[in-house]
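This report concerns only the one structure given below.
Computed from the coordinates by the stated procedures, all read-outs in this text should not be read as laboratory data. Just so it is clear, the structure is predicted and the values come from calculations on it, not from any experiment. Note: ideal-geometry Cβ built from the backbone for every residue, glycine included; neighbour counts use all protein chains shown.
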Amino acid sequence: MKTYHVRTSSKKYTVHSGSFGIKEIVHLVTQNLKCDRFFVLIDKNVNKIYGTEIQKEFNRQTGESYFFQMTSLEKQKSYSTIQKIYDELAKQNFGRDAGMILIGGGVVGDIGGFVASTYMRGIKCVHIPTTILAAVDSSIGGKTGYNFRNTKNLIGSFYQPDLVITSTEFFSSLSPKEIDSGIGEIIKYGYLSGKKFYEYLLSNYNSIHSLDKRVIEYVLQECISFKTSVVSDDEREGGIRKVLNFGHTFAHAFESYYQYKISHGKAVAAGILAANILSHKKGIITTNQLNSFQKLPAMMKFPKFLQEFDSTDLTRRMDLDKKNKSGKLNFVLLKDLGELLIDVNVNKNELNSALNEFKRLISV
Ligand SMILES: NC(=O)c1ccc[n+]([C@@H]2O[C@H](COP(=O)([O-])OP(=O)(O)OC[C@H]3O[C@@H](n4cnc5c(N)ncnc54)[C@H](O)[C@@H]3O)[C@@H](O)[C@H]2O)c1
């Protein structure tokens, strides 16, 4: 088991990462969280596979817990889902001493985290990520929210959890598509962490895919320690935390343009390819660097339709990006492995030219 600490001004908490069984996970929850009652928000597919055992353990160790299932689709990341959860919490008389346990991927975490941050002005919450993407990224750092008017995460809050428990045991039931999506977000850390990790990911790409235990454990360790440290330094994304959005301005636009037919992680990997081209267009990286930095995301297979976008429409979708300032488009761009530039202002001509080149790259 590895333990990491997040220390922000609003909360200090621990991330436990290991290959915990369900009994151990529930034990960690009850040991660390003193709550009257638990409201467990669980992903429907996760519930199908692990639900009986999870319910049995919660009931055995906590007396009684209330379970509520949700379907994890981007279109469910909406206010109407949130309303249903508020409704259930209120109907079941959950009070301020309630603890919310969020078991699922990033959709459950983002939605459940938002509910926890607002119900009764904030109740305790624990993230138990069940996808690779949620384990390396979304469960840590307290970003919560939902999609609004076809814009990703337009409404949300910063609300740190009280505890995060990551178990690699959940990954064995993930589909290849979900493993791929997790890898998309892992790739991002290759650029943030530096050359050594980037090269490790390049040479171990297939072992991550096949969930090789030793490789997955090392990858989780690198990603979680990077994320916990950045969040501790900059809880509300005033500066350095922005690097975690590398590739995401493009990614969110691709997701919304293709109506979420592309997974978040794959959109991030595509977004990184596009961001690197933009860095090159702006003269931040050389042609040699560009060729070398494209190798990792290029290992992914992208859907054919990804080249079909209309650039004007796609660019319009970037206008509501939270990194923009005074109506100007701002990007996180790569200078070198381990060296990112934040708040790089980009004009529409540079962006269009990068998008045209991205289309050419993706179509071969
Ligand atoms: N808050 C943040 O900091 C942050 C960071 C990155 C991504 N996100 C958000 O996370 C979301 C994507 O999360 P995700 O990739 O985890 O997707 P997800 O939550 O949609 O889950 C993907 C699919 O995997 C299934 N699933 C989950 N765990 C499973 C398991 N163990 N076995 C079998 N199936 C399982 C789900 O039912 C779902 O069908 C996006 O909405 C993205 O915006 C948030």
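Here r is the Cβ-Cβ distance between ARG149 and MET299 and R0 is 30 Å; the resulting FRET efficiency, rounded to 0.05, is 0.30.
Near MET100: Cβ cut-off under 15 Å, other residues only, Lys/Arg at +1 and Asp/Glu at -1. The net charge is 0.
Couplings 3J(HN,Hα) of the range 83-93, computed from phi: 4, 4, 6, 4, 4, 5, 4, 5, 4, 8, 6 Hz, in residue order, whole Hz [Karplus 6.51 cos²θ - 1.76 cosθ + 1.60, θ = phi - 60°; x for Gly and Pro]. On a per residue basis, the convex hull of the C-alpha atoms belonging to the range 55-120 measures out at 86 Å³. Normalised by residue number, the volume inside the convex hull of the Cα atoms of the range 1-156 is 110 Å³ per residue. Derived from the Cα gyration tensor, the three semi-axes of the equivalent ellipsoid of the chain are 34, 22, 18 Å, largest first. Within the shell of other residues whose beta carbon sits under 12 angstrom from the beta carbon of LYS348, the net charge comes to 0, with Lys and Arg scored +1 and Asp and Glu -1.
The stretch between LEU320 and LYS2, if pulled fully straight at 0.36 nm per residue, gains 110.7 nm over its current Cα-Cα span. Here each label is just a point 7 Å from Cα along the line to Cβ, and for ARG236 and ASN288 those points are 4.4 nm apart. With an 8 Å Cα cut-off and a minimum separation of 6 or more residues, compute the relative contact order for the range 240-364 in percent. Once normalised by length, the contact order is 30 percent. Helical runs (DSSP H, four residues minimum) scored at -39500 (n - 2.57) apiece and divided by the length of the chain put the mean residue ellipticity at 222 nm at -14500 deg cm²/dmol.
Subtracting the Cα-Cα distance of ASN356 and ASN59 from 0.36 nm times their residue separation leaves 101.3 nm of extension gain. Beta-bridge orientation, the chain: approximately 40 percent antiparallel, per DSSP, counting only bridges with both partners inside.
With a ≥ b ≥ c the root eigenvalues of the C-alpha gyration tensor of the range 238-364, is it rounded (a/c under 1.5), prolate (a/b larger than b/c) or oblate? In terms of gyration-tensor shape, rounded. Working from Cα pairs under 8 Å separated by at least six residues, relative contact order for the chain is 15 percent. Projected onto its three principal axes, the C-alpha set of the range 34-79 covers 34, 24, 12 Å, listed from the longest axis down. At a temperature of 20 °C and a viscosity of 1.002 mPa s, determine how fast the range 215-290 diffuses translationally according to Stokes-Einstein, using the Kirkwood radius over alpha-carbon pairs as Rh; express D in µm²/s, rounded to the nearest whole number. Taking Rh from Cα pairs, D becomes 152 µm²/s.
Once the chain from LYS196 to ASN32 is taken as fully extended at 0.36 nm per residue, the excess over their C-alpha distance is 55.5 nm.
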